[in-house]
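Heads up: the structure comes next, in structure tokens.
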Amino acid sequence: MVDLESEVPPLPPRYRFRDLLLGDQGWQNDDRVQVEFYMNENTFKERLKLFFIKNQRSSLRIRLFNFSLKLLSCLLYIIRVLLDDPTQGHGCKELNRGCSSQNYTPAKIDWSPIIWVNRSLPLWGLQVSVALISLFETMLLGYLSYKGNIWEQVLRIPFLLEIINAVPFIITIFWPALRNLFIPVFLNCWLAKHALENMINDLHRAIQRTQSAMFNQVLILISTLLCLIFTCICGIQHLERAGNKLTLFDSLYFCIVTFSTVGFGDVTPKIWPSKLLVVIMICVALVVLPIQFEQLAYLWMERQKSGGNYSRHRAQTEKHVVLCVSSLKIDLLMDFLNEFYAHPRLQDYYVVILCPTEMDAQVRRVLQIPMWSQRVIYLQGSVLKDQDLLRAKMDDAEACFILSSRCEVDRTAADHQTILRAWAVKDFAPKCPLYVQILKPENKFHIKFADHVVCEEEFKYAMLALNCICPATSTLITLLVHTSRGQEGQQSPEQWQKMYGRCSGNEVYHINLEDSTFFAEYEGKSFTYASFHAHKKFGVCLIGVRREDNKNILLNPGPRYIMSATDICFYINITKEENSAFKKQEQHRKNNESKSYYHGPSRLPLHSVIASMGTVAIDLQDTGCRSSSGPTLTLPSEGSKNGRRSSIAPVLEVADSSSLQACDLLSDQSEDETTPSDDDISTGLEYAKGYPPYSPYIGSSPTFCHLLHEKVPFCCLRLDKGCQHNYCEDAKAYGFKNKLIIVAAETAGNGLYNFIVPLRAYYRPKKELNPIVLLLDNPLDDLLRCGVTFAANMVVVDKESTMSAEEDYMADAKTIVNVQTLFRLFSSLSIITELTHPANMRFMQFRAKDCYSLALSKLEKKEREKGSNLAFMFRLPFAAGRVFSISMLDTLLYQSFVKDYMISITRLLLGLDTTPGSGFLCSMKITEDDLWIRTYARLYQKLCSSTGDIPIGIYRTESQKLTTSESQISISVEEWEDTKDTKEQINNRNNHRNSTSSDQSDHPLLRRKSMQWARRLSRKVPKHSGKTAEKISQQRMSLYKRSERQELAELVKNRMKHLGLSTAGYDEMNDHQNTLSYILINPSPDTRLELNDVVYLIRPDPLAYVPNTISSRKNSFCNTIGQDAREETQL
């Protein structure tokens, strides 16, 4: 039997209990071998090298000690000079008797004062000690740095100078007679300069900071200049011991006068050795100093390009933000600076720009303006380098703005660069707030850690979509996110420009309710009550709130929301409450009230508020439900004083559930959900409300919207090609009930999701859903097939392939020309587009010889000269919401630094985010039946008391009121030119004989030849009958009189006939009306309503307060009430 114990190996020593108690006694018998690494560093030479050279801190101490020794030797030399007397003979008794009796003569030089000096014994001892230490250190460092070539070490200038200054002192130890021998110790200043350079390098290595090349070069230049002057002073003073016997101060005076090229001549060298030294020193200075200055100038130029550093001291004592861009353009820079410094509390901030490219010439000129040069610092560097982030002091920055380059050909690659920059900043400075701009929505989830993110395509497509259902939403958002005081256009003679410019100064602000004068008195009241009465009393528009314990902002939470003291209120006003002064106004007299019919906003909101409810006699009737006696509310007649008239119910302090349910405008939507309409049955469309089953990209916000019950087959999505399920090949054949929305885009990208979702949101009535046609290419045939002649809106998306051009502003050329073509072919088509550069908006709907456009161009230039951030706002296409530039929303990111809620509010307004209980943006139109309301204040009360809607602005359309000459040119340029040409032709034909006789009376020969030519020509013309000739002439006249617009219309009609399409609606489409449209944000309460005004509303969330039972909505009594309420507010 095999012994089991012999087969089992013993445990290692460290695992045996006996070794734990008695210690490790058997380790010597172990087979393991201990290996020691880096044995080459254990030698004596390597240890010395580690201490003197390799180790940064010990090497720095050695350099500092060496520098101190050199300075001490120079100081001892100065002391020796001050104690020496050149008139006495010193130290030459043993070698040269009677040398002290020799005097200087011009023909003969006494060399003994030059060779011998007076050196006391203590001074000699100190100099010898310093020399011994310096020589020992020099020999030791030479030995440690020896690399096989001894001559390389010996012939170095520092080594030779050390030998010259140290070896003679050591010789005097063994030969005392040479104790007073002159030794040029002052040359140690050059060794001190060398030690200082090495010390600075070691200093930067030791403290782990990158040295500044500029600082090192300036230090070298200064030290070189000091060494030259010190050497010249000591050399002249010593050589002149045999001449003028100059003191050190006289030598200093002579050197300064000589090197500064002044040359007074009162102190000059007398003997030729000193003169030779002066010549040598001047030659050396002429060679060395220009080289140093050249290097300094080169470094200065490079520093100007790279921008230098932002000092740590400034970063810790002053506040700064960092702007990171891939390429800095002048437009982007000015937009950032103007918007950033528009806020008063940011005036003391510094802006550090970190850009990898060299500064542009235009940017350099702007940054040299004193207003910006004191506050903006440009650094050339990469965000991916910690060295450059350290230069910008990113860890001490208050914020970091990272902007994408929207002009890149590959926008995905631009996003990738932005993502890497954001990661680099977050890795280097985790506590620095990040404000990031991204282009593609699918890349947004990579930077979710950023504090604020603005995705360009999300906002762009959402604004384009809302422009189709709420006109000029893009202009509304742009004006809200720009900082302005409402002073634009106030010098204009036109009333609409004054109103539009004044209202453009409204912005979104916030304040705690308990600290507010505007809203403190409404604690415990409903939201709609607070909003209406704050607007009535102060002229501010309360649009949203946020609970103290909740991060979500609620836009118009509805009348059931009760205001709390800790709520944060968000309101629209010209300025924030902290900058407002409150003055009590006297009550207007009744006779003045009856005569005040002002058709525009008053000068100050407070004046308007006081007069708003007094100028209109409002009869507050009971809020009970009444029968629908008529379709609208009509104004009472003057004779019926005792009769009951139509009224506006008061806004209740606390919502009444019965009245709210009765007056709920969303009851029709609930009815839509229960019973399908006749239109839905006829078209066969069945809608359901829910979330989209598929998300196009990670990070998209889920939105509750209208969906089809069944997914449409892919083959049915092609409008111009029939399939087995559908045989329609053009938009007309589909028989859509609502007008189309056509989107002309280059590709069907993920951003289109944000275009479709707001148009299909659950709060849009099903009967108002417009069909959406995506047009990936827009030749005329495809435009006609997709129904452009009866479309509601045509959305032209800026082409990504054209965003990059050799000339920046040419990036929009293709889009502008395409839109202009559509405008000429379909003049009444509502075209909405987006451009890369805001300056190109002046080319939209361009008309040559348009005097009104020229006047607007002059107004824009004047506003830009005044420093306005919204100089482009008076361009008619922008004011009407036909065009916008996504670069305008860059200010949204900049404003988030001061207003961290602006991005959230903008996303809620655009429908990009949906928060339960938060309202949505919509609009309604003022009809003739609604003009009885008369003023904006009464409309505000009507909406708040009935539906809970909050109006925030008016979109107004007016006809252009121009002079006769201007209207002839600006309204119909082509027709005017055609009429002019026709009249000229008729006048020429009628006055042909008179003009011929008058023109040819002075030239009888010319007249005779022309008559002969006319006779010959008349013989060759074929003879026609009278009717044929008259018919031909009529055809020619009709072709001649036909305008360019008629030619284009004929072209389109012929093309439609060729494609088999009906031309029924095209003629009506060309009846173009010359109008101008603009926006009034938060107008004053006494603003008169006009026909066709579109009012922007923030409507409460219809799902916030859903009744428990549907039967309550279906009983006849409440249906009558709901119908009556809808008829009263059919706006």
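The values are calculated or read from the model by the stated rules, or taken from the named source; none is laboratory data. Quick caveat: nothing in here was measured; it's all calculated off a predicted structure. Counting neighbours? That spans all protein chains shown, and the Cβs are built from the backbone with ideal geometry, glycine included. Heads up: the accessible areas ignore ligands, DNA and RNA and are worked out on the full protein's heavy atoms, side chains in. Shrake-Rupley method; radii C 1.70, N 1.55, O 1.52, S 1.80 Å.
In this rough spin-label picture, where each label sits 7 Å from Cα along the Cβ direction, the ASN1092-ARG364 distance is 5.4 nm. Using the average count of surrounding beta-carbon atoms within 10 Å as a protection proxy, the listed peptides 707-713, 941-947 rank, highest first, as 941-947, 707-713.
The modelled label-to-label distance for the pair HIS343/GLU523, using points 7 Å beyond Cα in the direction of Cβ, is 2.8 nm.
Taking K and R as +1 and D and E as -1, what net charge do the other residues with C-beta under 11 Å from the C-beta of GLN237 add up to? Result for the local shell: -1.
Give me the net charge for the shell around THR703: Cβ to Cβ below 9 angstrom, other residues only, Lys and Arg +1, Asp and Glu -1.
With Lys, Arg at +1 and Asp, Glu at -1, the neighbours total 0.
The listed residues THR138, THR418, once ranked by accessible area (1.4 Å probe) with the largest placed first, stand as THR138, THR418.
Multiplying the sequence separation of ILE78 and LEU248 by 0.36 nm and subtracting their Cα-Cα distance, what value in nm do you get?
60.3 nm
Label sites at GLU318 and GLU1047, each approximated as a point 7 angstrom past Cα along Cα to Cβ, lie 6.3 nm apart. Of the chymotrypsin sites (Phe, Trp or Tyr not before Pro) found in the range 707-736, the ones in coil according to DSSP and having at most 12 other Cβ atoms within 10 Å of their Cβ are TYR727. Extension gain for VAL279-ASN1074 works out to 277.5 nm (0.36 nm per residue, less the C-alpha to C-alpha distance). For the range 356-468, what % of the accessible area comes from carbon and sulfur atoms, probe 1.4 Å? Carbon and sulfur: 51 percent of the exposed surface of the range 356-468.
Packing here is the average count of other Cβ atoms within 10 Å per residue, and on that basis the peptides 551-560, 697-706, 460-469, highest first, run 460-469, 551-560, 697-706. If we count every other residue with Cβ under 14 angstrom of VAL540's Cβ, Lys/Arg +1 and Asp/Glu -1, where does the sum land? Result for the local shell: -1. Taking 0.36 nm per residue of sequence separation and removing the Cα-Cα distance, the THR957/VAL409 pair yields an extension gain of 193.4 nm. Cβ-Cβ distance of SER327 and ASP386, R₀ of 22 Å, FRET efficiency by 1/(1 + (r/R0)^6): the value works out to about 0.50.
With a Förster radius of 30 Å applied to the C-beta separation of TYR697 and LYS721, the computed FRET efficiency comes to 0.60. Only protein heavy atoms count here; under a 1.4 Å probe, SER904 has an accessible surface of about 50 Å².
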